[in-house]
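S.K.: Sharing a structure here in structure tokens format.
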Amino acid sequence: MKISIYIATSANGKISNHRNVPDWLSPEYGQGFASICQKFKAVIMGKTTYNILAPDYLPLQEDGTTVVLTTDEQAKSNDPTVIFTKNSASEIAEMLTKKGHTEAVIIGGTLTMSEFINAGLVSDIYFVVEPVLFGSGLPLIKNVELELKLNLLEVSKLNENTVLLHYQVQKQS
């Protein structure tokens, strides 16, 4: 299974501001976000990301699989694509493979990305670097001890101030 990360960051590497409000994201980020989610049809996110997006802005509304990592056993959704789970990253990858998915994209947040990176399951990362700096906010990753080397695959200018950096994660030896 190929698992990618698609995430917007500030120029100093934060994935959210201290208010946890996504009002700093460009329309081009949103277009890329929707496109990759529709292409992969398997989306992974944490509960905080889900709470920001649900119910109106979930990327898969009718088909595909949306996996939400949470310890909240009461979590429910009216969206048939949504599965809430506290399973490990490898168990989620196995479940998605059994459902017929060959690719999945992680769209946030910090703990979810960190868990999949620590499990060695991330094959590539799309960073959409937005033209803002946050003094405080959410870091990209947390509690990751690995040092991953990345190969730059693509650089695209999305608008006058926003760039997309697409990296492949080098396999650990």
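S.K.: Pairs needed: first member in region 54-67, farther than 19 Å from Ile92 by Cα and aromatic (Phe, Trp, Tyr); second member anywhere, buried (at least 21 other Cβ atoms within 10 Å of the Cβ) and modelled with pLDDT under 95; C-beta distance under 7 Å; at least 6 residues apart or different chains.
M.R.: Going by the 7 Å Cβ cut-off, there are no qualifying pairs.
S.K.: Would you check if Ala93 is outside any strand (DSSP E or B), in contact with a strand residue (DSSP E or B) (Cβ under 8 Å, 6 or more places away or on another chain), surrounded by 13 or more Cβ atoms within 10 Å (Cβ to Cβ) and at pLDDT 95 or above?
M.R.: Considered against the rule, which asks whether it is outside any strand (DSSP E or B), in contact with a strand residue (DSSP E or B) (Cβ under 8 Å, 6 or more places away or on another chain), surrounded by 13 or more Cβ atoms within 10 Å (Cβ to Cβ) and at pLDDT 95 or above, Ala93 comes out as yes.
S.K.: While we're looking at this one, here's another question. Name the one entry in Val128, Val132 that is touching a Phe, Trp or Tyr at 6+ places or on another chain (Cβ under 6 Å), closer than 22 Å to Glu28 by Cβ and in a loop (DSSP other than H, G, I, E, B).
M.R.: Val132
S.K.: Where residues in region 14-24 are surrounded by 17 or more Cβ atoms within 10 Å (Cβ to Cβ) and among the polar types (S, T, N, Q), which of them is nearest to Leu111 (Cα to Cα)?
M.R.: The qualifying residue nearest to Leu111 (Cα to Cα) is Ser16.
S.K.: Look through region 136-153, keep the residues that are in a loop (DSSP other than H, G, I, E, B) and touching a residue at least 40 places away in the same chain (Cβ under 8 Å), and return whichever of them is farthest from Ser114 (Cα to Cα).
M.R.: Applying the filter and picking the extreme gives Ser136.
Residues checked against (1) crowded, with 19+ Cβ neighbours inside 10 Å; (2) over 18 Å from the mean Cα position of the chain (by Cα); (3) not acidic (Asp, Glu):
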| site | (1), (2), (3) |
| --- | --- |
| Leu111 | no, no, yes |
| Glu147 | no, yes, no |
| Leu150 | no, no, yes |
| Leu158 | no, yes, yes |
| Leu165 | no, no, yes |
| Gln170 | no, yes, yes |
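S.K.: Let me ask you something else. Checking the conditions here, which among Pro131, Pro59 is surrounded by 20 or more Cβ atoms within 10 Å (Cβ to Cβ), under 26 Å from Ala11 (Cβ atoms), out of contact with any Gly (no Cβ under 9 Å at 6 or more places or on another chain) and not basic (Lys, Arg)?
M.R.: Going through Pro131, Pro59 in turn, the sole match is Pro59.
S.K.: Give the residue, chosen from Ala34, Ala11, that is of a type in the set (Gly, Ala, Ser), surrounded by fewer than 17 Cβ atoms within 10 Å (Cβ to Cβ) and not in a helix (DSSP H, G or I).
M.R.: Ala11
S.K.: Output the number of the condition that Leu69 fails; it satisfies all remaining conditions of (1) touching a Gly at 6+ places or on another chain (Cβ under 7 Å); (2) modelled with pLDDT under 95; (3) not basic (Lys, Arg).
M.R.: Unmet for Leu69, out of (1) touching a Gly at 6+ places or on another chain (Cβ under 7 Å); (2) modelled with pLDDT under 95; (3) not basic (Lys, Arg): (2).
The values are calculated or read from the model by the stated rules, or taken from the named source; none is laboratory data. Note that the structure is a prediction, hence the values are computed from the model and not measured. Because the Cβ atoms are built from the backbone with ideal geometry, glycine has one as well, and the counts that use them run over all protein chains shown.
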